[in-house]
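I have placed the structure first, in the form of structure tokens, so that the comments after it can refer back to it.
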Amino acid sequence: MLGYSELPSANAMASGRELPALLSRKPPQEKTAMQPCRTSTAGNLQPTQEAHRNNNLHPLVVISPDPAAGRTVEGRQAHITLNDFKTMEGKQFALMKYGSSKALDHYAHRLVQLILQVFPSMQDSPDQFVCIRPGNISLPTAATLLADRIQKALDVPMGRIVRGKALTRDFATLDSAEERAKAMQGLFKYSGPQLDAATAVFLIEDTVVSGSHYVETQRVLEQVGCPLGKVHCICIASVEGLSAKTESELNELYFNPRHADIVQRLIQCLKDVTEDSDPTSRQVKFILNSLPEERFSEFACAFAKEELDFQQWFLLAAPEDGLDLKYPETFKKLSTSYERAQAKADLPSPRQIRGATKTWAPSAPQDAEFSPRAGRAKRVSCAGDFITVYVRLDEIASCENQQGALSGSPSDM
């Protein structure tokens, strides 16, 4: 397991101003199931009897509307105002939310330091802890990418929250805690190591606003044998006393859909995603749904000028979360521009791929690693019959030529 001295320095990972007093805090006493739970509200101690937003919540910072709270530190939590957070961390935070490897590394490093402070015994007994990867559909989110980095750095067991369905609306845009809680009901299941009263688990999140994700996760983990007192949440920011839409505001701080440079910023943030990953769900949703018509037209033109494998990588990612069906008009525009460009290069189009609903390449196993930009196996969700097709990017054309020769049912896969 990595210790403090083995982690890369924050300066080597990312530049910019630091969150206040993150490195000077003293390690607290580790909680047990019998101890009262520390809430994220300054000075407020209360035992938790049921799943609750503030149950063992450990943020790097608490974002509060109270001007008197600005740039003060109490315990581990730096309390700052929203404007201070925007000034100090706004750009880097937004880049992290949109999949920037550099920004993700920066915050993963900070959260690893916080975790080792919250759990000082982890270095000696890593098997007594389980890192919980938050729920996603298929495409990664900023929180899942953070969890992957943190689990690798700490070398502790990993559990996963599995989502059973997609939300009909972007969660960050939901107005109230009631709407968010309702959207979460019955959405999650747990998959991972067996949990019991001797195991401390910690969910990784980027932000906690209403806490709906965390509350539902607590309920799921309690059902599989983990006491609520042993469930923790590690996050970058706890947003308190502000509108639920603050999360959406922070997400778009650097990616303002009407900004003059938004197209260049979006193209660059896509290129900043590591080659072994898909774009994040937020990147795909923002591009397909949040840009004004004139900005989207500019993006489509810039997108069409990029390398064909880059375009294909993005277009093949959208169906993973059903976003080609959720935003069909904008997806079709990007797909059409790609088809025109690929015609000269003799490459398949996403539309042609989705049309081959009963064709796949047997040489691509179901458990293959997916790395579309590296040309390895890629999973494609077919809109027609909702069949999962396994292909290799360099074999799609040959698969289409054999259409009818290779056919079968989903049960054959």
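General observations
- Scanning segment 268-306 for residues that are in a loop (DSSP other than H, G, I, E, B) and either farther than 17 Å from SER138 by Cβ or not acidic (Asp, Glu) (or both) yields a total of 12.
- Residue check for LEU291: buried (at least 16 other Cβ atoms within 10 Å of the Cβ) and not assigned by TED's automatic domain parsing to the domain that holds ILE137: yes
- Segment 85-115, residues that are charged (D, E, K, R) and farther than 22 Å from CYS131 by Cα: LYS86, GLU89, LYS91
- Of the strands (runs of 3 or more DSSP E) lying entirely inside segment 144-258, those carrying at least 2 residues that are modelled with pLDDT of 90 or more and touching a His at 6+ places or on another chain (Cβ under 8 Å) are 200-208, 231-239.
- Checking ALA317 against (1) at pLDDT below 90; (2) of a type in the set (A, V, I, L, M); (3) touching a Pro at 6+ places or on another chain (Cβ under 7 Å), the condition it does not meet: (1)
The values are calculated or read from the model by the stated rules, or taken from the named source; none is laboratory data. Note that the structure is predicted; figures quoted are calculated from it, not measured. In this analysis, Cβ positions are derived from the backbone assuming ideal geometry, glycine residues included, and neighbour counts consider all displayed protein chains.
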